[in-house]
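Down below is the structure, laid out as structure tokens.
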Amino acid sequence: MIKNKTKKWMVSAVLLNVFAMQLIVGCSSKADTKPTVVSDSSAKVSDKKWSGTLKVQLIGDFSMEDKTNPLSGKKVKGVSVLKKEFERLYPGATLEFILLGWDGYVQKTDAMLNSKGADVFQVPGIANLASQDLLEPLAPYIEKDKFDLGIFIDNQVEGWKAMGPKDKDLQIYGLPFIGDTRVIAYDKKIFKEWGVEELSKNPTPEEILEKAKKMTGINPKTGKQNYGAFYAGADAADSVMNAAEAYGGSWGKGFLFKGMEVNFNSPEMLKGLKWMNELNTLAPKGALVKQGGEKWGTANNDIAIHIRVQPIFVDQIYAAGLQDQYGVAPLFINKEKKMGGMFAGSPYSIAKSSANKELSWEFLKFSVSDFFQKYMWEEQSSQFLPVIKSAAKFESLQKNPHAVIELESMGKLWAPRYPYRSGQPRYILSESVEEGMLGKSSLEAALEKAQKESTAWLAAQK
């Protein structure tokens, strides 16, 4: 899921550039093009007579009415656009969005599901909700309509599969509608100043480390200190896992906690942690605790490579007119599995308690239509990436080569997603990786601890 809670230092730095650059630069990005959202003439208006109100939950920084984007300063259309179009396509139906922020969304979603507060829910925590028998299985609807799952970017449907209390295998309880990924980002200007070749289309951990070493020190052109690498401190364990995948490893196996096995102490994980630990020596001091990256994303940046940025970073550099200074590349992949990196985003699901399941299913299909996905991309891109293959043909997306790479990365994320991240092993691994990188234990001991404690926790689950 894309949480619009980017680090304050990044937002502040970029906003300063936004105001300065808008005065002197004419940017060719989508931020400078007034979005137009029109009815999809190819969408057929339903012949059926519909009635009643469909309540749909939507989580994020959304509003019904138009508002100003704080990054670009442009007006963005509210989700009333979606309401109007859905009601046009389904005459007699009324669509009511229930808008929530990310704060406390888990508790609020649980309360709404148990009180029949909505028909359709945005459920990034789909596995837990499906296991409680709170969500409607979608296979019967898909089969009845012969709905083509091939419209989705690769792995998007698989990534959100879950298991109900009676299921023996993974099933579809939700359709993806918000995409997300992390990507590697780098400063082309710093590469040029050091005379280092830019990152390849699909960089390896070795390439990252080799080039980061060359650009750590006093910049030969500016005479100022540069750092070869940076990373999101809170995501260090996920970066280690991604590096392990590049070395041929995997997180483990299973889906339900009972019977799940993790590979936290595998040779590939140790290799990944050693890589991460060495990369840390090329980063500003304090990177592990979210310090030292104050200039990242600005014109006066001092960091060559950031190994893990969120999609909002792309919005920020376009808003600041810096899209030519920064490049992006996909996360690492396991060559045998042809996928790698933490799966994220949000699916839509139908509440099992809904009294309006047929119209709810129609809304799920509407949420992956070109109209819906194009609106979300052009108006809400700071918290949204498209999930359908046809989005690659959106003119507004084609003008953003960074976003094109993000979509390519989305199609290779590990699916089904890392299920251990829904439980205590996620925090055990993060703490152990941090202890190893801070020198509180050896790297080997840190991973052995993560393996032992996670295995014990999983064994205690029923």
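The values are calculated or read from the model by the stated rules, or taken from the named source; none is laboratory data. All of these numbers come straight from a predicted model, not from anything done at the bench. Glycine also receives a Cβ, built like all others from the backbone with ideal geometry; neighbour counts cover every protein chain displayed.
For every residue, the table says whether it meets (1) polar (S, T, N, Q); (2) closer than 12 Å to Ala351 by Cβ; (3) assigned by TED's automatic domain parsing to the domain that holds Ser369.
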| site | (1), (2), (3) |
| --- | --- |
| Tyr90 | no, no, yes |
| Gln107 | yes, no, yes |
| Ala118 | no, yes, yes |
| Gln122 | yes, yes, yes |
| Leu135 | no, yes, yes |
| Gly150 | no, no, yes |
| Ile153 | no, no, yes |
| Glu158 | no, no, yes |
| Lys166 | no, no, yes |
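The requirement of being free of Cβ contacts under 8 Å to residues at least 40 places away in the same chain, at negative phi and part of a loop (DSSP other than H, G, I, E, B) is not satisfied by Lys258.
Hey, any hits in region 48-70 for a residue that's of a type in the set (Val, Ile, Thr), without any contact (Cβ under 8 Å) to a residue 24 or more places away in the chain, within 27 Å of Ala319 (Cβ to Cβ) and not in a loop (DSSP other than H, G, I, E, B)?
yes
The rows are residues; the columns are (1) surrounded by fewer than 16 Cβ atoms within 10 Å (Cβ to Cβ); (2) out of contact with any strand residue (DSSP E or B) (no Cβ under 7 Å at 6 or more places or on another chain).
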{"residue": "Glu158", "(1), (2)": "no, yes"}
{"residue": "Val196", "(1), (2)": "no, yes"}
{"residue": "Glu206", "(1), (2)": "yes, yes"}
{"residue": "Asn226", "(1), (2)": "no, no"}
{"residue": "Ala232", "(1), (2)": "no, no"}
{"residue": "Met241", "(1), (2)": "no, yes"}
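Selection within region 341-388: residues that are of a type in the set (Gly, Ala, Ser) and farther than 29 Å from Gln132 by Cα. The member of this set that is surrounded by the fewest Cβ atoms within 10 Å (Cβ to Cβ) is Ser369.
Being within 30 Å of Lys258 (Cα to Cα) and in a loop (DSSP other than H, G, I, E, B): is that true of Pro137 here? Here the answer is yes, as Pro137 does meet what is asked. Residues that are part of a loop (DSSP other than H, G, I, E, B) and without any contact (Cβ under 8 Å) to a residue 40 or more places away in the chain were ranked within region 148-190; the one that is farthest from Met260 (Cα to Cα) is Asp148. Across region 261-291, the number of residues qualifying as at pLDDT below 95 and in a loop (DSSP other than H, G, I, E, B) comes to 4.
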